[in-house]
Structure formats: C-alpha cells, structure tokens
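Accompanying notes for the structure given below.
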Amino acid sequence: MGGQENLPVDHRLRHMQPLCRLAGDQLVLLASRAERRRFGAGQKVVERGSRDGLDYFLLSGSVDLTAVDGRTLTIAAQSDQAANAIARLQPRMFRVTAHQPCEFLVVEQDVLNQLLRQAPVTPVSSLSAAHTGLLSRGGDESEEHRLLMEFYGDLRVNHVTLPGLPDVAWKVRRAAERQEVSAAGLAEAIAADPAMAAKLVRACNGPLFRGFGDVRSIPEAVARLGVETTRKLVTEFAMREVFSSRHPTVQAAMTRTWHHARDVAAISRELADRLPGGNPEEAMLAGLLHGLGAVPVLVRAEHHVELFADPVNLDHAMKELCPDIGAAILEHWSFPERFVEVARHAGSWDYECLEATPQLVDIVIVARLHAMVGTNQNAGLPPFARVPAYRRLGGLGLNASRSLELLTAARARVDRMQQVLSIY
C-alpha cells in the first residue's frame, strides 16, 4: 500500500486546478484534511470502475492510466495533464498504476467541493488574467463564478445532468455494433423515427451520396450508405437536435458552437482522407462531437444572466468546463475511448498523444487550428509548428499551400453538409 502522512501547505498546490481557486487559509484547511500518499513503481493507485469519493493530485513522479481497451497513457507530475486530479470522474474510467515512484495529495471530494463553494471571489496570486474575468466588480460573487463553482461541485460528484443520445440514434448505434446486423435490421430501427428516416433518404439522394438513381426506401438508403456511414450519419442528425434550445440567447450560442463543430468536422474529414490509414467518416464524427460539452454548460448558463452579457466570461466558462463534461457525455453514451480522448483534449494545443502513430485526437486538434485561422478566434493561436498534433501529422506534408487546399475542400464539404443536414 502507498505510504500516508499529513501534508503541509505546498506551493505546488497553487498551480493545480481547481486548488488554485482557494485562498491561503483554505489551502491550510485543505492540507489539514488531506493525506500525502506515496507509491512505488508498479503499485496500483486506483482501480478502474471504483467509487471512493477521493481526488488524487499528482505531486511527483509519473503514473500510467490504462483504459478498458488496454491503451495506456503516462502522465508526469508538473505536466499540463497533471494540473487536474488524476482519473477524476467516478466510477473511474482508468486503472492508475505508478509508472515511477510517485507522491499524491489525496483529498475527499466532499471536503474540496465545500471549500470551492466558499472560495473567495478575489483571485489568489496564482490565478491567470483569464480567471480574473470571472470575478465581479465591487467584491460581490459574480454569476460567472457561481456557475463555475456549481459545475465544479456537481461534476465532481456526478450530479451534472447529461443529455441523452436521441432514442433512434442509440438504437441504430447498438444495432450497428452487432456483426450480423443487416440493412433490413438497421432500417427497422430507423423507421421508428419517421423524421429521421426522411432525413436519411434525402441525404442519400443528395450530392454527397448520390448513386446512379434515387433511393425511395430506408433499406435502399442503408444498402447504399453501408452500416458504418448510416450509423455515423444518424448520429450527426441526432446531434443537431442536441444543439438546440427554446431560449433565443442560448440557441444563438448553441448555433455558433454547432457551426464551429461542423467546420472542424469537415476539416477533420479532409485530413483523415489524406492520412494513410485514416478513417474519414470517423474523423468527421469526432470533429462534430468534440465540443459537445458546451450543451449542458449553455443550458445551465441560461439561468446566469450576467454570463450572457459578457461573451468573454461565457467563452472562458465554456473553455474551463467543456472538456470534462464533453468526455463525461461520450462515456455516458458508450462511445469508444478515442472519441472521449478527443472531447477531453481537442481544446489543448499542447496535448501530445503518446501513441507512435497519428490518432483521432491529433486530427481534430489540427482541424480546430485550421478552422480558427482567419476568424475572430485567431488571436493567440500558436504557430502551427509548435503544436505537437501538427508535428505528428507530418506525413501529410502540411504547409501554407496545402492548408489552403485543405480549407477550400473543407469549405465545399461544409456547403454540402448544410444541404445534407438541413442546416439553414
């Protein structure tokens, strides 16, 4: 078992999220209620599927996170990936094992949650300028700060209401996973939703999938598209329904987020199409899903009027919360881990996957970079060559000329997608 002892206040804690939000006296209180645990190389830290109500913050050494499919990610102390609690969502999605001798700060989630809700609105010295935008004038707690604290608290104890995948999309995904599924069987699941069936037939007769003649039935459409394309297209149609709200202001923000996701999806497809061994349809779907965490954030933000009054604050709140929430939604929807990785890391320019070959997350990160060039989000973008994912796609030989070609092809695809997905 790992060694345990009390932990004095440590300057390292002030650089961890969300501990950096706590005042000095709160950190002292936290240290009095926390433990320091040490593990030798190869020792188990936490088991996948466990619910122990604890958060593990990595102070030194490195650990291996192993997913259910056997894929492993190594995280080192003081890296960007160690800035948050390790494998924080519960039940835990990873088995955590010490890669090297390591040391953790172990905190009860209930204790940390209570401290976060009482955190001062005056930022401690370690908070960045971006965080200070979440603080209100005059010392009163802001709507933005309350939203963040609510979400941090609810997410830590799995109380965030996650959107469900629309019923027909769920049935189609499950049916498509069966090896013996036939076009007729898939068509039967789709037929339960006449609106979805009509969209699928219309898409099949559109310019993106048109064959030698029009199809007039769902089985014909599935036969032409194939099981994989049908499953992905049904999910895309369903996603458009998820990005919707009856509140005009929320809907406007949802639409902006959806349009960005649509652009990233089109560019992701073009990148994967040029990448040896790439799966264009899968990359397109990953691009479409990467910003899914915005949905519950925007729904909750509807009740925080001041948040919508300041786009900078809303943007920051979404950047803070969307990665964890998006990953939780895709886990909730039983998507493969590679899609969860995209949701969790696509917003981080510094993220570097440890797999030897380019992964789905690399494609989406580079797609986001291309999608944001030349827009009002262009400020602060890193040089392409400094983004690990861009370097990992080096086999594509990307340069200014090829990027322009890529964007031109993606723009044409977005125009076709508008027709296919009926987004006007």
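The values are calculated or read from the model by the stated rules, or taken from the named source; none is laboratory data. Because the structure is predicted, anything quoted here is derived from the model rather than measured. When we count neighbours, we look across all protein chains shown, and the Cβ atoms used for this are built from the backbone with ideal geometry, even at glycine. Note: areas computed on protein heavy atoms with side chains; ligands, DNA, RNA excluded. Shrake-Rupley method; radii C 1.70, N 1.55, O 1.52, S 1.80 Å.
Test each condition in (1) under 23 Å from residue 339 (Cβ atoms); (2) in a loop (DSSP other than H, G, I, E, B); (3) free of Cβ contacts under 8 Å to residues at least 60 places away in the same chain for residue 64 and report the one that comes out false.
Result: residue 64 passes all but (2).
Scan the stretch 94-114 residue by residue and report those that are in contact (Cβ under 8 Å) with a residue 24 or more places away in the chain and more than 18 Å from residue 43 (Cα to Cα).
107, 108, 109, 110, 111, 112, 113
Name the single residue, out of those in the stretch 317-360 being closer than 16 Å to residue 282 by Cβ, part of a helix (DSSP H, G or I) and not hydrophobic (A, V, I, L, M, F, W, C), that is nearest to the chain's Cα centre (by Cα).
341
Could you go through the stretch 22-38 and let me know if any residue there is farther than 22 Å from residue 113 by Cβ, open to solvent by 20 Å² or more (accessible area, probe 1.4 Å), at pLDDT 80 or above and not in a loop (DSSP other than H, G, I, E, B).
Yes - at least one qualifying residue is present in the stretch 22-38.
Tell me whether the stretch 70-77 contains one or more residues that are among the polar types (S, T, N, Q), touching a residue at least 40 places away in the same chain (Cβ under 8 Å) and more than 16 Å from residue 353 (Cβ to Cβ).
Checking the stretch 70-77: not a single residue is among the polar types (S, T, N, Q), touching a residue at least 40 places away in the same chain (Cβ under 8 Å) and more than 16 Å from residue 353 (Cβ to Cβ).
When the stretch 242-263 is examined, which residues are found to be surrounded by 14 or more Cβ atoms within 10 Å (Cβ to Cβ) and over 25 Å from residue 411 (Cβ atoms)?
If the condition is that a residue be surrounded by 14 or more Cβ atoms within 10 Å (Cβ to Cβ) and over 25 Å from residue 411 (Cβ atoms), then 245, 247, 249, 250 are the ones that fit.
Tell me, which residue of the stretch 39-53 that is open to solvent by less than 30 Å² (accessible area, probe 1.4 Å) and either of a type outside the set (Gly, Ala, Ser) or assigned to a strand (DSSP E or B) (or both) is nearest to residue 113 (Cα to Cα)?
46
Could you run through the stretch 273-293 and say how many residues are in a helix (DSSP H, G or I) and buried (at least 24 other Cβ atoms within 10 Å of the Cβ)?
So the count comes out to 7.
Which numbered condition in (1) touching a strand residue (DSSP E or B) at 6+ places or on another chain (Cβ under 6 Å); (2) within 29 Å of residue 334 (Cα to Cα); (3) open to solvent by 60 Å² or more (accessible area, probe 1.4 Å); (4) among the charged types (D, E, K, R) is the only one that residue 69 fails?
Against the list (1) touching a strand residue (DSSP E or B) at 6+ places or on another chain (Cβ under 6 Å); (2) within 29 Å of residue 334 (Cα to Cα); (3) open to solvent by 60 Å² or more (accessible area, probe 1.4 Å); (4) among the charged types (D, E, K, R), residue 69 comes up short only on (1).
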